[in-house]
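Notes follow the structure.
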Amino acid sequence: MSKLQFHQFIIGNDNFGVLVHDPDSGQCVSIDAPEYDAVLNALQETGWSLSHIFVTHWHLDHVEGIEGLKQKFKCNVVGPTLEADKIKNLDVTVDDGDEFQFGSQSVRVISTPGHTLGMVNFYFPQAGVVFTGDTLFALGCGRVFEGDGAMMWESMQKLAALPRETIVYCGHEYTLANGDFALGIDSGNKKLAARMDKFIALREAGKPTLPTTIGEELDTNPFLRTDDLAIRKGLGMKDASDSEVFSEIRSRKDKA
């Protein structure tokens, strides 16, 4: 079995697009479709032909290019059942725990409500890769627009339970802003400080900070480190639940 091929590209100011190509079948999926022209250019650059679009959630900056791409490539659009009324041109709807085939690979659906109520993430267990949309970011997480803190915390825990070596692609280049905030919450974390030095150098060189890994996020992302005693002490929440600590960190980030 050949390995999957990945092509990540920036769209607009901070959206990431990702194409995933299965050499064995020739199938190619766009993870979300933020913008028609950007995805089309990426397909022309790689020489791949689009067979699928996997949609994480309904926000415009993730779905705007779907209609044009579907018309051009007759591709199969897969997205969350709970947002079928908000996402046009869906061919297949999926829920938490569903599994399906993409070429030679199996894909497992992980429901991660919070940012939106229907948000889904796509996990390729054989390849060890997960696409987290706007749920988990490098050093951060998405705003809680439609759910609540407890819901988002539960969603984050689903991702945290994946193997540490799992590669994470997410929807936006927010890493430096996330890292600046994280350093204020977890100032004694040497791994975090080292990552930020690396990320600053990458961005100065015009390179992306993604993908990341589950292990790196467990070590440095304050939204996954609610049990850390130093973080709890700094927040004045020594005896609070993990969900309460998470919600407080998210509230502070919203105001930052």
Problem - Proximal lysines to Lys72, defined as alpha-carbon separation beneath 26 angstrom and excluding residues fewer than eight positions away on the same chain - result: Lys86, Lys88
Practice task
Kindly provide the helix-only [θ] at 222 nm of the chain, computed as the sum of -39,500 (n - 2.57) over DSSP H runs of four or more divided by all residues, to the nearest 500 deg cm²/dmol?
Solution key: -10000 deg cm²/dmol
Completion exercise
Tilt, helix 242-255 to longest principal axis of the chain (alpha-carbon atoms), in degrees rounded to tens, equals 80
Problem - Gap separating the Cα centres of the stretch 155-182 and the stretch 89-152, nearest whole Å - result: 12
Completion exercise
To the nearest 10 degrees, the tilt of helix 36-46 (Cα long axis) against the first principal axis of the alpha carbons of the chain is 80
Exercise for the section: Considering only Met119, Met151, Met237, give the residue with the highest GNM mean-square fluctuation for the chain, with springs between Cα atoms whenever their separation is below 10 Å. Expected result: Met237
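Normalised by the number of residues in the stretch 175-255, what is the relative contact order in percent for Cα pairs under 8 Å and 6+ residues apart?
It rounds to 28 percent for the stretch 175-255.
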Handout entry: Under 27 Å from Lys233, Cα to Cα: lysines that are on another chain or at least 8 residues apart
Key = Lys158, Lys190, Lys191, Lys253, Lys255
Practice task
Tell me the Kirkwood hydrodynamic radius of the stretch 132-256 in angstroms, computed as one over the mean inverse distance between distinct C-alpha pairs.
Solution key: 14.5
Fill in the blank from the handout: So, relative contact order of the chain in percent, Cα under 8 Å, 6 or more apart, is 13
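We did not get these values from a lab; they are worked out from the coordinates using the rules stated. Because the structure is a prediction, the values reported are computed rather than measured.
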